[in-house]
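Enquirer: Below is a structure I'd like to ask you about.
The values are calculated or read from the model by the stated rules, or taken from the named source; none is laboratory data. What you see is a predicted model, and the numbers here were worked out from it, not measured in a lab. Cβ placement follows ideal geometry from the backbone for every residue including glycine, while neighbour counts extend to all protein chains displayed. The protein model used for the area step is the full one, side chains on, heavy atoms only, and it has no ligands, DNA or RNA in it. Shrake-Rupley method; radii C 1.70, N 1.55, O 1.52, S 1.80 Å.
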Amino acid sequence: MANSTILGYPRIGQGRELKFALESYWKGQSSEADLLKTAADLRAAHWKLQRDAGIDAIPANDFSFYDQVLDMSCHLGAVPQRYRWSGGTVDRATYFAMARGAQHDTIDVPAMEMSKWFDTNYHYIVPEFTAAQTFKLATSKPVDEFRAAKGAGIDARPVLIGPITYLLVGKGQGGKNIDLLDRLLPVYVESLQQLEQAGATWVQLDEPALTLDLDDATRAAYASAYKTLRQATKLKIFVTSYFGALGDNTDTALILPVDALHIDLVRGADQLDAVLAKVPAGLILSLGVVDGRNIWRNDLDASLKLLEQAATKIGKDRVWVSASSSLLHTPYDLDLETKLDPELKGWLAFAKQKLQEIVTLTKGLNEGRGAIAAALEASQKAVASRRASTRIHDSAVAKRLAQQPLAGAGRTTGFVERRKLQQAHLHLPLFPTTTIGSFPQTSDVRKHRADAKQSRITPTDYDAFLKEQVKSAIAWQEKIGLDVLVHGEFERNDMVEYFGEQLSGFAFTKNGWVQSYGSRCVKPPVIFGDVSRPKPMTVYWSHYAQSLTGKPVKGMLTGPVTILQWSFVRDDQPRSVTAHQIALALQDEVLDLERAGIRIIQIDEPAFREGLPLRRSAWAEYLLWAAQAFRLSYTGVKDDTQIHTHMCYSEFNDIFDSIKDLDADVISIETSRSQMELLDAFSSAGYPNEIGPGVYDIHSPRVPSVEEMTDLLAKASEKLEAWQIWVNPDCGLKTRDWPETRSALEKMVAAALAMRQRKARRQAG
Ligand code: GLN
Ligand code: ZN
């Protein structure tokens with residue numbers, strides 16, 4: 001008989017209980033005992049939920065107080081020196097200091113670095129290794145949680161991150177982390193032996209790195225590591241790959257001396273044939289047919305076909321039915337969405353519903369389709385209703401997109417000529433100053449927004465309040481002498497939600513929270529249908545702001561790739577098509593802004609790079625359609641309208657040519673923390689347009705001095721032509737307070753003035 005299983009369950013709690021327990025514990029408002037109790041209750045509730053749903057093999061140690069990779073670093077004793085770990089058990093204070101930094105008594109240490117977990121929006125704590133790195137078993141969390149499950153009557157399968165993936169996601173060692181394997185493996189062996197002694201039958205070792213481009217040395221490391229583990233334990237070993245197909249690592253994965261292997265049949269549906277063709281005798285295949293990364297209801301018939309194909313080849317006993325990845329990346333429970341209309345709800349499945357889908361599919365495989373006839377029929381109906389729904393399919397959108405020559409999207413006049421036309425009416429000085437868009441979202445601003453939403457104040461009062469904010473922001477920007485002003489984005493809750501709420505084809509959930517990092521969760525919009533813009537979204541505020549000043553006010557939009565990237569995206573058409581639809585909706589907005597007298601328009605793309613596929617071979621295709629989407633969003637603007645974009649990260653090397661392809665007149669980027677080093681890439685690649693390298697880090701309340709910023713600008717001038725350089729902060733200022741914002745921006749303007757004077761002196765002398 002086939003078994004049902006999942007690789008992991010969300011842990012923050014359906015009411016975000018863990019978030020609130022953590023945050024109150026960190027503030028010293030509740031005890032450690034309270035925190036431990038909340039955690040134990042959540043684990044017990046999630047195990048019970050899985051058992052009641054009928055899941056056969058339930059994971060343990062998929063829980064975490066902060067992050068599962070950090071848990072592994074503590075388990076393996078990889079604690080960086082600055083945390084002054086005693087070498088015994090890693091205690092909770094050390095754990096949270098690693099996660100969040102610590103500042104008290106004699107301790108003042110920053111947190112460890114955070115990075116995105118593969119191509120998800122989940123951030124993990126990056127392990128740090130040194131050349132002298134040693135490892136040592138330093139927590140008993142996996143065994144403890146296994147025993148707790150046992151106490152609840154569940155013979156669970158403990159989950160660990162596999163040794164190769166663990167090393168590969170770490171930093172240090174100049175990319176040669178794999179050399180640490182010999183030192184690491186004995187600790188894994190000890191860990192597995194402990195689990196075995198505690199009575200575990202299975203262990204799950206997560207190896208999502210099996211879906212990445214690997215070199216031969218890493219492939220060889222897989223073979224030798226698992227040989228060592230195999231010889232050291234009688235535990236049955238379950239290795240998981242997810243977030244893509246095994247591809248050229250198929251052989252590497254299939255020859256591992258393990259008992260079960262998980263493959264992702266959502267991202268890698270095409271790999272089943274290749275895997276079945278080579279699967280060794282006896283190996284169990286866990287088939288991820290239910291999407292662990294998205295919120296769509298499963299097409300049971302399509303999934304069952306894959307499962308049946310596998311069962312025909314290797315027998316039901318060797319098939320496990322599962323979700324493509326851990327359910328960590330999906331929200332909890334669709335039943336909580338009381339405000340979503342029934343039709344849309346009928347198309348969705350959250351974590352709890354996905355458990356049911358897995359159990360139903362397992363039953364269908366074991367007992368035949370007749371045993372799940374009703375479920376199959378309901379699933380068929382949902383598929384058909386989605387396919388035919390007029391709420392999803394808008395022929396006008398399809399027609400408009402079909403008529404777009406995508407390759408020709410963008411501007412026909414070259415940058416040099418455009419620049420002249422823009423300068424003729426903008427009259428900007430050298431080193432023009434601006435900001436990235438948002439000003440502080442003070443508690444007053446947030447309170448008024450909440451009050452307006454709850455109808456505690458009238459729309460008229462809210463409008464008047466926002467106008468006051470914009471008015472004083474404009475007056476202040478004029479006073480300190482900024483050259484290009486912004487309205488301040490006071491009316492926006494979030495840079496994606498604000499647009500999604502005004503576009504057709506988007507829906508919003510009440511409780512669709514997904515863990516982003518630590519106690520933080522996000523609630524991504526759901527893009528369910530063809531996207532269009534019923535009416536202008538930002539013109540009112542930009543126009544109002546421009547009416548108050550003779551200086552140019554920059555219109556402010558979120559770009560198509562970022563909106564796509566930070567939403568749950570429909571699975572019934574390619575991502576590129578959805579991105580291009582969003583781009584057309586934004587194009588309407590760009591042209592309306594232009595008509596309303598806005599001469600500079602910024603289209604933010606902070607998520608442009610994170611959309612890069614995991615495999616290099618897929619990069620070119622992505623970069624092509626993503627750059628086309630960006631250009632499509634401003635196609636049709638006049639030559640003398642200046643288009644800006646903004647990206648706030650510093651890894652540009654992989655995407656450099658595409659950044660040029662965007663052909664924005666001005667790009668602002670994050671550079672202050674890297675001391676303008678990043679500009680080397682821009683100057684050596686011959687970046688032809690204008691650039692605003694951020695001159696100060698907005699992630700900290702620290703106010704930089706005029707000299708610091710002048711020095712950075714001087715460095716920038718060594719790498720770029722003076723006419724190319726804009727002066728701005730690294731990112732928007734919404735998370736800052738006004739006092740530091742005022743002070744920092746006044747100093748920034750002074751730094752720009754100093755640069756202009758220096759330039760004038762040079763020319764005179
Ligand atoms: N315009 C946005 C702001 O200033 C950009 C935010 C971002 O890059 N994440 O807040
Ligand atoms: Zn930014």
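Enquirer: Which one is least open to solvent (accessible area, probe 1.4 Å) among residues in the stretch 641-682 that are of a type in the set (D, E, K, R) and either touching a His at 6+ places or on another chain (Cβ under 6 Å) or within 16 Å of ligand 1 (Cβ to nearest atom) (or both)?
Expert: Among those residues, the one meeting the criterion is E670.
Enquirer: Continuing with this model, one more query. Identify all residues within the stretch 331-370 that are within 23 Å of L49 (Cβ to Cβ), among the hydrophobic types (A, V, I, L, M, F, W, C) and assigned to a helix (DSSP H, G or I); write none if there are none.
Expert: L334, L336, A351, L355, I358, V359, L361, L365 - these are the residues of the stretch 331-370 that are within 23 Å of L49 (Cβ to Cβ), among the hydrophobic types (A, V, I, L, M, F, W, C) and assigned to a helix (DSSP H, G or I).
Enquirer: May I pose another question? So, in the stretch 191-201, exactly how many residues are touching a helix residue (DSSP H, G or I) at 6+ places or on another chain (Cβ under 9 Å) and either surrounded by 19 or more Cβ atoms within 10 Å (Cβ to Cβ) or assigned to a helix (DSSP H, G or I) (or both)?
Expert: So the answer is 7.
Enquirer: Still on this structure: Test A464 against the criterion of being in a helix (DSSP H, G or I), within 16 Å of ligand 1 (Cβ to nearest atom) and more than 32 Å from the chain's Cα centre (by Cα), and give yes or no.
Expert: No, not satisfied.
Yes/no matrix, rows are residues, columns are (1) farther than 18 Å from N689 by Cα; (2) within 15 Å of ligand 1 (Cβ to nearest atom); (3) in contact (Cβ under 8 Å) with a residue 12 or more places away in the chain; (4) aromatic (F, W, Y):
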position: A722; (1), (2), (3), (4): no, no, yes, no
position: G732; (1), (2), (3), (4): yes, yes, yes, no
position: P739; (1), (2), (3), (4): yes, no, no, no
position: K747; (1), (2), (3), (4): yes, no, yes, no
position: A754; (1), (2), (3), (4): yes, no, yes, no
position: R762; (1), (2), (3), (4): yes, no, no, no
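Enquirer: Just wondering, is there one or more residues in the stretch 740-760 that are open to solvent by less than 10 Å² (accessible area, probe 1.4 Å), outside any helix (DSSP H, G or I), in contact with a helix residue (DSSP H, G or I) (Cβ under 9 Å, 6 or more places away or on another chain) and modelled with pLDDT of 95 or more?
Expert: Within the stretch 740-760 (the criterion being open to solvent by less than 10 Å² (accessible area, probe 1.4 Å), outside any helix (DSSP H, G or I), in contact with a helix residue (DSSP H, G or I) (Cβ under 9 Å, 6 or more places away or on another chain) and modelled with pLDDT of 95 or more), the answer is no, since none of the residues qualifies.
Enquirer: Additional query: Checking the condition over 24 Å from the mean Cα position of the chain (by Cα), assigned to a strand (DSSP E or B) and either at pLDDT below 95 or within 26 Å of L327 (Cβ to Cβ) (or both), which residue from Q50, Q103 passes?
Expert: Checking each option against the conditions leaves just Q103.
Enquirer: Looking at the stretch 213-220, can you tell me whether even one residue there is in contact with a Leu (Cβ under 6 Å, 6 or more places away or on another chain) and buried (at least 19 other Cβ atoms within 10 Å of the Cβ)?
Expert: no
Enquirer: Could you grab me the full set of residues in the stretch 257-282 that are under 18 Å from Y222 (Cα atoms), touching a helix residue (DSSP H, G or I) at 6+ places or on another chain (Cβ under 7 Å) and aliphatic (A, V, I, L, M)?
Expert: Across the stretch 257-282, the qualifying residues are V258, L261, I263, V275, V279.
Enquirer: Can you name the residue in the stretch 601-633 that is assigned to a helix (DSSP H, G or I) and within 16 Å of ligand 2 (Cβ to nearest atom) and, of all such residues, is modelled with the highest pLDDT?
Expert: Step by step, filter the stretch 601-633, then rank; the result is F630.
Enquirer: Moving to a separate point now. Scanning the stretch 634-666 for residues that are farther than 22 Å from A585 by Cβ, of a type in the set (A, V, I, L, M) and part of a helix (DSSP H, G or I), which turns out modelled with the highest pLDDT?
Expert: Looking at the filtered set, the residue picked out is I659.
Enquirer: Here's something else I'd like to know. With respect to M98, determine if the residue is aliphatic (A, V, I, L, M), closer than 28 Å to K352 by Cα and crowded, with 21+ Cβ neighbours inside 10 Å.
Expert: Judged against the criteria, M98 is not a match.
Enquirer: Determine which single condition R293 fails, assuming it passes every other condition in (1) more than 22 Å from the chain's Cα centre (by Cα); (2) buried (at least 18 other Cβ atoms within 10 Å of the Cβ).
Expert: Only one criterion is unmet by R293, namely (1).
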